[in-house]
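Visitor: If you scroll down you'll find the structure; I have some questions about it.
The values are calculated or read from the model by the stated rules, or taken from the named source; none is laboratory data. Please read all numbers here as calculations on a predicted model, not as lab measurements. When we count neighbours, we look across all protein chains shown, and the Cβ atoms used for this are built from the backbone with ideal geometry, even at glycine. What goes into the accessible areas is simple: the full protein's heavy atoms, side chains included, and nothing from ligands, DNA or RNA. Shrake-Rupley method; radii C 1.70, N 1.55, O 1.52, S 1.80 Å.
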Amino acid sequence: MLSIIHALSRYSVWISGGFLLLSAVLVGVEVLMRNIFQYSFGGVDEISSYIFAIGVSWSLAFTLLSRAHIRIDLFYGRMTPTWRAALDILSLACLLCVTALLFQQALDSTTTSFEIGARSNTPLGVTLWIPQSLWAAGLGFFGLVQIYLLGSITRLFIKNNMKQIAEISGVKSLDEEIEDEISA
Amino acid sequence: QDYPKTELSVQGGWATAGIYQEIEVPFWTERLPSLTGGNVTASITSLNEKGLKGPEVFRLMRMGVIDFGTSALGYVAGDDPQNEGPDLAGIALDIETARKVSDAYKPALAKLYMEKYGIKLLMLYPTEAQVFWCNGPIESLSDLRGKKVRTGNRTVADFVEGAGGVTVTMPFGEVVTSLQLGVIDCAVTGTFSGNSAGWHEVTTHLYPLTVGWSPFMYAVNAKAWEKLAPSVQALLTEEMGKLEDEVWSAGAARTAEGLSCATGGECIFGKKGAMTLVPLAEADVELRSKLVNDVVLARFAQRCGDACMAEWNETVGALISAD
Amino acid sequence: MIAFTFVALMVLIFLAIPVAAVMGILALSLNFVFTDMPLWRALGEVSWGAFTEFTLLAIPLYILLGELFLRTGIAEQMYTALSKWVSWLPGGLMHANIASCTLFSATSGSSVATSATIGTLAIPQQKKYGYNERLFLGSIAAGGTLGILLPPSINMIIYGVLTNSSIPQLYLAAIVPGLLMAAIFALTILIQSSLFNEGEVKIHATWSERIASLKHLVPPLIICVVIIGSIYSGIATPTESAALGVLAVLALAALRGMLNVQVLLSAFENTMRTTGMIMLIIVFAYFLNFVLSGVGLSSSIKSFMNNLGLSPIWTLIAVIIFYVILGCFMETLSMMIATIPIVAPIIFAAGYDPIWFGVVVMILVELAMITPPIGINLYVVQSIRPRGGISDVIVGALPFVVAMFAMVALLILFPGMTRVFL
Ligand code: NA
Ligand code: NA
């Protein structure tokens with residue numbers, strides 16, 4: 001199961017990255033058109049921001065699985081594995097709390113857009129609930145991954161398997177962190 | 001009058017627009033308490049302090065996160081084109097016309113806001129005349145042809161496109177440098193706000209054809225309003241009526257002050273510039289009417305639909321053609 | 001209310017709760033304790049606003065650019081070339097560290113990326129040539145911070161968005177202070193090396209070797225010209241220029257035959273992972289800021305400052321001290337987003353120029369990156385070392401902390417240096 005989640009989050013990051021590159025190309029073309037042909041598509045910035053919002057919300061789970069959401073290990077590093085594991089569980093629970101609220105409010109915002117027929121105030125006039133629902137779905141995926149992880153590490157905690165908890169959701173050791181930063 | 005202890009919570013406008021410090025803050029935190037012997041008080045924060053962009057104010061009022069709030073009509077023009085109704089580009093060259101248009105269209109907006117957001121419209125007010133700031137010579141409307149113009153809303157974009165210009169959208173904060181570097185040739189904003197943002201330092205010609213007044217509204221969440229004592233409601237209705245008149249006069253003063261400051265005239269609150277004030281030719285005023293009819297109104301009708309257009313014609317349209 | 005906020009913040013941080021969640025929970029508890037208004041219901045609107053801020057799109061673009069830059073070997077060749085030019089000075093390769101960081105900064109928007117890249121290339125050289133280990137590590141940690149002072153810069157974009165200042169103007173204003181900062185770092189190394197001659201081997205290169213190495217500086221210069229040049233020639237806005245930079249690196253990578261699906265996918269992974277981390281913090285920092293001003297904490301801090309009745313210069317000094325202390329304990333992005341909406345209006349009201357203050361804030365943020373206990377660049381450099389404790393890096397960075405204070409003082413004494421290009 002965990003490997004499926006990893007794979008899903010990795011695919012969504014690849015797709016998000018692809019779309020990011022696509023928006024870089026769009027912006028590049030817009031700049032060329034504006035400077036050479038005095039023509040502006042109007043709205044490239046807006047479409048790119050939707051791509052950005054959706055891409056990032058679908059990447060949050062990958063960030064979590066890579067243990068890259070910043071935690072400050074002032075005391076954490078000096079604690080026993082059991083205490084660390086307990087804090088890992090607490091951390092994930094806290095993150096789930098705020099993510100659940102974020103997701104719920106994002107849904108609320110999306111349904112509001114739908115109800116009032118909200119459209120962006122630009123030449124494009126995009127119907128807002130469409131990008132918003134894709135964005136909210138990414139947040140929902142982020143939340144689901146957290147629920148699964150929280151379940152797994154709680155089970156591991158009961159089984160007293162602190163080492164595996166650290167591998168799943170511990171604060172990264174320095175060696176691991178740099179590996180991310182420079183790995184090719 | 002007897003006023004129960006009431007504490008109001010207000011989301012004010014942009015701290016950077018003169019009106020916030022000069023009019024909004026004193027109204028809520030000084031005038032209301034002094035009229036009620038300190039029984040009605042209010043706390044007010046600016047959009048900047050809350051880190052808001054403006055458009056979400058309508059929705060936050062709908063949710064009840066904000067009770068009293070102010071926001072630009074243009075921010076939610078996407079939600080409903082009726083918001084463009086009182087400020088279509090080029091329909092009101094002077095502030096007297098703008099005020100008449102605003103008053104005429106107010107009932108339509110009040111109905112829209114109540115239905116859509118569950119908020120009660122308290123007042124409509126202008127910022128100031130929206131004009132063209134260009135970093136090169138411009139003598140007439142036809143000189144906009146081929147120029148890259150930053151526009152803040154769709155109806156001004158329609159107008160500029162009608163005149164043959166290329167419209168560009170970008171954040172307000174990036175306009176100064178974009179003008180300076182020539183990313184764009186002209187940009188549209190208020191006479192005073194352009195002056196306070198330093199646009200006169202990066203542009204040479206101010207073309208004073210007014211393409212809008214950037215109207216704002218003050219409204220209140222209907223449920224929050226219901227909870228207020230009748231005496232407080234009456235007081236607010238009366239005082240906001242007076243406030244509306246004051247804000248309109250202030251809008252006229254700011255328009256003149258901004259224009260004068262940017263072009264090296266008398267200048268008290270703004271920053272003195274040395275821009276060339278392009279005289280508005282009679283031919284341009286006529287060309288403007290043609291653009292309004294052929295492009296601005298035609299496109300507005302498309303966006304807005306038949307019923308909305310009919311209502312607009314009965315209220316604003318009748319008034320404009322009568323002029 | 002201030003005490004409650006501070007205690008809650010400290011407890012949550014010490015429990016190693018993710019920073020984004022710390023801010024979210026802090027905001028919620030402030031909401032429920034201090035007001036009946038459902039401020040939390042703004043979370044959806046506030047975060048949609050943050051997620052769709054076009055200016056912030058520059059963040060993933062800069063990160064992607066740096067990823068591709070490293071993976072194509074351009075960075076390594078640049079380091080070797082620069083070391084041939086500057087390593088005859090007392091302090092040897094440490095000058096190459098600073099010079100490489102400076103040049104790399106002109107293509108990178110992030111300090112972490114800068115010190116990680118240069119650190120990876122430089123640290124293996126330190127043992128080989130017998131440098132004073134601490135100072136050597138410090139030079140990388142400090143040099144890397146230039147990544148956000150010299151344009152382009154993610155942090156400057158965030159400052160620009162928060163204060164509605166022009167990002168190109170911020171970029172222009174930071175060029176002279178950025179280069180001066182690099183020079184001060186070099187001077188710090190010169191003084192240290194002259195005082196404590198640790199017997200490092202100087203690397204001597206012949207002039208023909210030096211000339212031959214120049215071609216390796218061309219690719220980073222091209223990227224730099226594309227990014228900075230497109231802004232100042234009036235072709236593109238800052239966000240657009242980041243997109244052009246990405247396209248230029250792609251073209252260079254393709255020319256070198258280094259562009260393939262594997263490279264792209266792993267660049268995407270690193271880019272989106274870091275962007276996800278940053279954006280989650282930004283979203284909850286925006287939300288915290290909304291709640292802070294909703295419950296009136298922001299205005300009570302402001303009136304507290306007003307009641308102190310400080311003169312402009314003392315207001316500024318108080319703000320600087322505030323940032324130095326906060327910077328010891330706080331992650332820099334959250335620090336900026338949570339404090340600038342409160343601090344900037346106070347400083348502007350005291351009559352200071354927003355652009356100038358933006359440069360000052362950048363240096364204070366850089367400082368926060370190398371002050372213990374929480375300094376991201378210290379961690380990055382430490383993590384590249386094969387062995388040894390973090391205290392080596394902390395001690396090694398201290399002289400550069402002093403150098404940064406000197407730089408802040410210079411900025412206050414000579415504010416005109418930010419206006420050279422404006
Ligand atoms: Na940089
Ligand atoms: Na620090």
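Visitor: Please state the Cα pair-distance histogram of the range B:167-299 with 5 angstrom bins from zero: what percent is in each bin?
Guide: Computed distribution, short to long bins: 2, 8, 14, 15, 15, 14, 11, 8, 6, 5, 2, 0.
Visitor: List the residues, sorted by chain then number, that are 5 or more residues from residue B:14 or on another chain and whose placed amide H is less than 5 Å from its amide H.
Guide: Result for residue B:14 returns B:47.
Visitor: Can you give the FRET efficiency for residue A:127 and residue B:310, using 1/(1 + (r/R0)^6), R0 = 25 Å, r = Cβ-Cβ distance, to the nearest 0.05?
Guide: On the way: r = 25 Å, r/R0 = 0.99.
About 0.50, to the nearest 0.05.
Visitor: Separation between the residue C:215 and residue A:168 pseudo-spin-labels, each 7 Å from Cα along Cα→Cβ, expressed in nm?
Guide: Calculated label separation equals 5.4 nm.
Visitor: Accessible area, 1.4 Å probe, largest first: how do C:235, A:70 sort? Display every interim value, and only then the final one.
Guide: On the way: C:235 65, A:70 35 Å².
Solvent-accessible surface, decreasing: C:235, A:70.
Visitor: Considering only lysines 8 or more places apart in sequence, or on different chains, count the pairs in the range C:47-419 whose C-alpha atoms sit under 25 Å apart.
Guide: So the count of such lysine pairs works out to 7.
Visitor: Another question, then. What ranking, highest mean first, results for peptides C:94-101, A:41-48 when packing means the other Cβ atoms within 10 Å averaged over each residue? Intermediate values should be presented prior to the final figure.
Guide: Values: C:94-101: 29.0, A:41-48: 19.9.
Averaged packing, sorted descending, gives the order C:94-101, A:41-48.
Visitor: What figure, in Å² to the nearest 10, do you get for the accessible area of residue C:215 with a 1.4 Å probe and non-protein molecules left out?
Guide: Accessible surface of residue C:215 is approximately 130 Å².
Visitor: Sticking with this structure for a sec: Among the DSSP beta bridges whose two residues both lie in the protein assembly as shown, what percent are antiparallel, rounded to the nearest 5?
Guide: Antiparallel bridges make up about 60 percent of those DSSP assigns within the protein assembly as shown.
Visitor: Same structure again: What accessible area per residue, rounded to a whole number of Å², is obtained for chain B using a probe radius of 1.4 Å? List each step's numbers first, then the result.
Guide: Values: 11900 Å² over 323 residues.
That works out to 37 Å² per residue.
Visitor: Give a residue-ordered list of calculated ³J(HN,Hα) values for the range C:246-259 (Karplus: 6.51 cos²θ - 1.76 cosθ + 1.60, θ = phi - 60°; whole Hz; x for Gly, Pro).
Guide: 4, 5, 5, 5, 4, 5, 4, 4, 5, 4, 7, x, 9, 8
Visitor: Where the accessible area of the protein assembly as shown is counted over protein heavy atoms with a 1.4 Å probe, how much of it, in %, is carbon and sulfur?
Guide: 64 percent
Visitor: Hey, another quick one. May I ask you to compute the full-extension gain from residue C:406 to residue C:164, defined as 0.36 nm times their residue separation minus their alpha-carbon distance, rounded to one decimal in nm? Intermediate values should be presented prior to the final figure.
Guide: Numbers: separation 242, 0.36 × 242 = 87.12 nm, distance 2.82 nm.
Stretched out fully, the residue C:406 to residue C:164 stretch lengthens by 84.3 nm.
Visitor: To the nearest 10 degrees, how steeply does helix B:282-291 sit against the main Cα axis of chain B, on a 0 to 90 scale?
Guide: Between the helix axis and the principal axis of chain B, the angle is about 70 degrees.
Visitor: Using only C-alpha positions, report the orientation-averaged shadow area of the convex hull of the range A:2-183, nm², one decimal.
Guide: Numbers: hull surface 52.0 nm².
The Cα convex hull of the range A:2-183, projected and averaged over all directions, gives 13.0 nm².
Visitor: Residue by residue through the range B:43-49, which ³J(HN,Hα) values in whole Hz follow from phi under the Karplus form 6.51 cos²θ - 1.76 cosθ + 1.60 (θ = phi - 60°), with glycine and proline marked x?
Guide: My calculation for the range B:43-49 gives 10, 9, 10, 8, 4, 4, 4 Hz in order.
Visitor: Now, a different point. Could you give the length gained by full extension between residue C:310 and residue C:80, i.e. 0.36 nm per residue of separation minus their alpha carbon distance, to one decimal place? Kindly include the intermediate steps, with their values, before the conclusion.
Guide: Values: separation 230, 0.36 × 230 = 82.80 nm, distance 5.07 nm.
Going from the current span to full extension adds 77.7 nm.
Visitor: Here is a further query. Quick check: the angle from helix A:2-36's long axis to the longest principal axis of chain A, C-alpha only, nearest 10 degrees?
Guide: 30 degrees
Visitor: May I ask for the accessible area buried between chains B and C, both sides summed, probe 1.4 Å, to the nearest 100 Å²? Before the final figure, lay out each step's value.
Guide: Numbers: alone 13830 and 17630 Å², together 29210 Å².
Protein heavy atoms only, the B-C interface buries about 2300 Å².
Visitor: Give me the number: length gained by fully extending residue C:266 to residue C:10, i.e. 0.36 nm times residue separation minus the C-alpha to C-alpha distance, one decimal in nm. Write down the numbers at each step before the final one.
Guide: Numbers: separation 256, 0.36 × 256 = 92.16 nm, distance 3.60 nm.
In short, 88.6 nm is gained.
Visitor: Additional query: Given the -39500 (n - 2.57) contribution per DSSP H run of 4+ residues, what per-residue ellipticity at 222 nm results for chain C, rounded to the nearest 500 deg cm²/dmol? Intermediate results must be reported in sequence, preceding the final value.
Guide: On the way: 20 runs with 317 residues, N = 422.
Helix contribution divided over all residues of chain C: -25000 deg cm²/dmol.
Visitor: If amide H atoms are built 1.01 Å from N in the plane of the peptide, which residues on other chains or at least 5 residues away come under 5 Å of the amide H of residue B:229?
Guide: none
Visitor: A further question on this structure: Using the alpha-carbon centroid of each, what span in Å lies between the range A:95-150 and the range B:176-200?
Guide: With the range A:95-150 and the range B:176-200 each reduced to a Cα centre, they are spaced 35 Å.
Visitor: Could you derive backbone 3J(HN,Hα) for the range C:406-415 from the dihedral phi with the Karplus parameters 6.51, -1.76 and 1.60 (θ = phi - 60°), listing whole Hz in sequence and x where the residue is Gly or Pro?
Guide: 4, 5, 4, 4, 4, 5, 6, 6, 10, x
Visitor: Can I ask one more? Would you give the gap between the C-alpha center of the range C:27-66 and the C-alpha center of the range C:295-353, rounded to a whole Å?
Guide: So the two Cα centres are separated by 21 Å.
Visitor: Are there any residues in the range B:154-203 with a reduction of at least 40 Å² in accessible surface when going from the isolated chain to the assembly of protein chains? Probe 1.4 Å, please list them by number.
Guide: When all protein chains are present, B:154, B:166, B:169, B:173, B:174, B:177, B:181, B:183 each give up 40 Å² or more of accessible surface.
Visitor: Using a 1.4 Å probe on protein heavy atoms only, how many Å² of accessible area do C and A hide from each other, summed over both chains and rounded to 100? Walk me through the numbers on the way to the answer.
Guide: Working: alone 17630 and 11880 Å², together 23520 Å².
Chains C and A together bury approximately 6000 Å².
Visitor: What is the diffusion coefficient of the protein assembly as shown in µm²/s, taking the Kirkwood radius over Cα pairs and the Stokes-Einstein relation at 25 °C with a viscosity of 0.890 mPa s?
Guide: Details: Rh = 29.1 Å.
So the translational diffusion coefficient is about 84 µm²/s.
Visitor: Shifting gears a bit: Calculate the FRET efficiency for residue B:15 and residue B:246 from the Cβ-Cβ distance with a Förster distance of 25 Å, rounded to the nearest 0.05. Show your work: numbers first, answer last.
Guide: On the way: r = 19 Å, r/R0 = 0.77.
Here the calculated transfer efficiency is 0.85.
Visitor: Starting from the Cα of residue B:100, draw a straight line to each of the lysines and keep only those under 27 Å, dropping any in the same chain fewer than 8 residues away.
Guide: B:111, B:116, B:120, B:242, B:290
Visitor: Separate question: Could you tell me how many degrees, from 0 to 90 and to the nearest 10, lie between the Cα long axis of helix B:230-262 and the main elongation axis, the longest principal axis, of the Cα atoms of chain B?
Guide: Approximately 20 degrees, to the nearest ten.
Visitor: Counting pairs of Cα atoms in the range C:47-419, how many percent are more than 38 Å apart? The partial results should precede the final answer.
Guide: Values: 10954 of 69378 pairs.
Of the Cα pairs, 16 percent sit more than 38 Å apart.
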